[in-house]
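Input: a single structure, listed below in structure tokens.
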Amino acid sequence: MQEQALRSESARLEQVIAERTAALQTFVTFTENASQTQDMDELGRLVLDTLRAVIPGVTALFYEREGPVWQPRSWTPDVSPELLTTLQRGLPLNAPISARMLETLQPVFVDDLTEEEQGIAHSGSYQAAAIWPTVQDGEVRAILTVGLQTAAQWTEAQRSIIRALGRSFSLLYDRISSARQVQVQRDEAERRSLALSAFAVMSRDLAGETNRYALVRRAQEIMLSLLTPGYALYWEVGDDRWQLKSQVGDIGDPALQAFVDAHGLPLEAPALHSTWLTGVPNYQDNYAQGADTPAEMIRHVQAATAFQVRMHDQPIGMLAIGLFDQRTWTPMDRAVLETAIYSLGLVLERAQSIEAVARTNAELQNSNAELEAFAYSASHDLRTPVRHVKGFTEMALKAYARRQEDKVVHHLGIVSGAADRMTAMIDAMLVLSRAGRVELQVGPVPLPALVSQAQQDVLLEFPDQRVEWQIGPLPTVQADAATLQQVLTNLLSNAVKFALADRPLTIRIWAEERPQEWAIFVQDTGAGFDPRYANKLFGAFQRLHTQQQFAGTGVGLATVRRIVLRHGGEVWASGEVDGGATFAFTLPR
């Protein structure tokens, strides 16, 4: 009997040694294979396979944290379809066994388990459960869960195996997670480098581009290429709302697109307002849906950010980005995007400098042309009244010697008229000269106020002329108020001056909004002009009518042209003889 007992004990010990040897070999195999992988999902599969090898019959899952739930990444093949469907919706952090583990950050073993205790549907067949936490920086990032269907209690050996495997898994998880974070940082650094390279290429390829919105659009494209799907909108301040100037990417909802196209955003819209006032970018990991637009139109937008676009340290607009996926804005995100916005400001400043140089060159060419006209006038136009003064003065002296008083009065009247004409021409030259030299004080200028003042000035100049005014909506523009008043007064005066005696005079004034400028029109029903000579209208001392038909110096429209060109705009005219005329000019927005 004693010998039989010894043999049985020896066989049992041999079995235990064999099992432990096999388990140890399994651990070694797991450690070797797992230490070579860089893939988190593969690590999860390896640890689950090892658990099933050393604890036959267990069910195991590997989860990672996603917001308020644990999301399964890998699982053993014996998980029932019903239970897997439940778990793939996410295991709540506050599930009983998870909540106990999160309180202590220690593994939890539960014996004699019931489905009510688990709080998980379709888990009633499991009699014991365990959960192992992987902790990083004081937070649980991942868990292993193990369940038994064949026993209600964990043996001490099974607990030891789960702890040992759990420790190895956590170390390997840390290594792969750290490597993954390093790779993410490398990727983000690469994206930042690509963004800077893209802006360098943009700066080179668009070296001659002066269109602000073309440059902004390219910047929007570059910034969106670094992010998950979404859209980028560029806004500028309008009269009382933010107006959309450039869009890249589908906004994601037709009703939302129609809304922003038609209404823009109120100036106090939270997504833009604080950044516009402070210059501090507004990063929203969870976009405040409904704060800026109706909530039902914007539920697909999960994250957002907004930046102030500046030129020469002055804000000119807001660039906002909306993303359709949830995103936590990382320090690298912020560095890349803020660098992009800074680069955009530099590109815009350079474009403005190029435009200013081009404008200066154009002004120089115009000044040269006007100087030639001035020289011609000094040698020709001013000579005419001087000849009149000299000639009729001599004739008056001869008439006086002959006692012909009536002829003396007549000749002196012509002399006086010639002197007045010469004085008017000299005054006009001075006005034209000042228009090219006065320093422009550009700021917001409401056109309705300027038009109203011009109407009053014109009615004082032509008190007997009846005018039907038709004035459309007019914007506030960026201009020098004093010189722009000259432009409008000259154009309205010109329209009234060329009224025809045989028909009522109607003057219509309106504005058209264009992508980069405002166009302002003044149309009349007066004498008009021969369109073949339209190019002469804005030249100094150029006239298409005689003094007997319509008095004037021929400098008013030249002054208009000089002032508009100095503002960076253009001026033109159209008309027909006896068919009225339309004069128009543009101002950059």
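The values are calculated or read from the model by the stated rules, or taken from the named source; none is laboratory data. The model shown is predicted, which means the values in this text are computed figures rather than measured ones. Cβ atoms come from the backbone with ideal geometry, glycine included; neighbour counts cover every protein chain shown. Only protein heavy atoms, including side chains, enter the accessible area calculation; ligands, DNA and RNA are left aside. Shrake-Rupley method; radii C 1.70, N 1.55, O 1.52, S 1.80 Å.
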Quote the FRET efficiency, to the nearest 0.05, computed for ASP420 versus GLU461 with a Förster distance R0 of 22 Å and r equal to the Cβ-Cβ distance.
0.85
Accessible surface of MET395 in the full protein assembly, 1.4 angstrom probe, to the nearest 10 Å²?
80 Å²
Gained length - THR330 relative to GLU576, 0.36 nm times residue gap less alpha-carbon distance:
82.1 nm
Environment charge of ASP137, counting only residues whose C-beta is closer than 13 Å and scoring Lys/Arg +1, Asp/Glu -1:
0
Enumerate the lysines that LYS407 could reach by cross-link, defined here as Cα to Cα under 16 Å, with residues fewer than 8 away along the same chain left out.
LYS390, LYS398
What are the ³J(HN,Hα) couplings of region 466-476, residue after residue, when phi is run through the Karplus curve with 6.51, -1.76, 1.60 and θ = phi - 60°? Round to Hz, x for glycine and proline.
7, 9, 9, 8, 10, 10, x, x, 10, x, 8
Could you please report the charge total around LEU565, scoring K, R as +1 and D, E as -1 over all other residues with beta-carbon less than 10 angstrom from its beta-carbon?
+2
Report, by chain and number, residues whose modeled amide H sits under 5 Å from the one on MET311, excluding near sequence neighbours (fewer than 5 apart, same chain).
ILE316
Peptides ranked, highest mean first, by Cβ atoms within 10 Å: ranges 468-481, 131-144:
131-144, 468-481
Quick one: if the Förster radius is 45 Å, what FRET efficiency do HIS312 and GLN71 give, using the C-beta to C-beta distance and rounding to 0.05?
0.35
Local charge sum around PHE585 (other residues, Cβ-Cβ under 12 Å, Lys/Arg +1, Asp/Glu -1)?
0
Hey, how many Å between the Cα centroid of region 242-282 and the Cα centroid of region 68-94?
40 Å
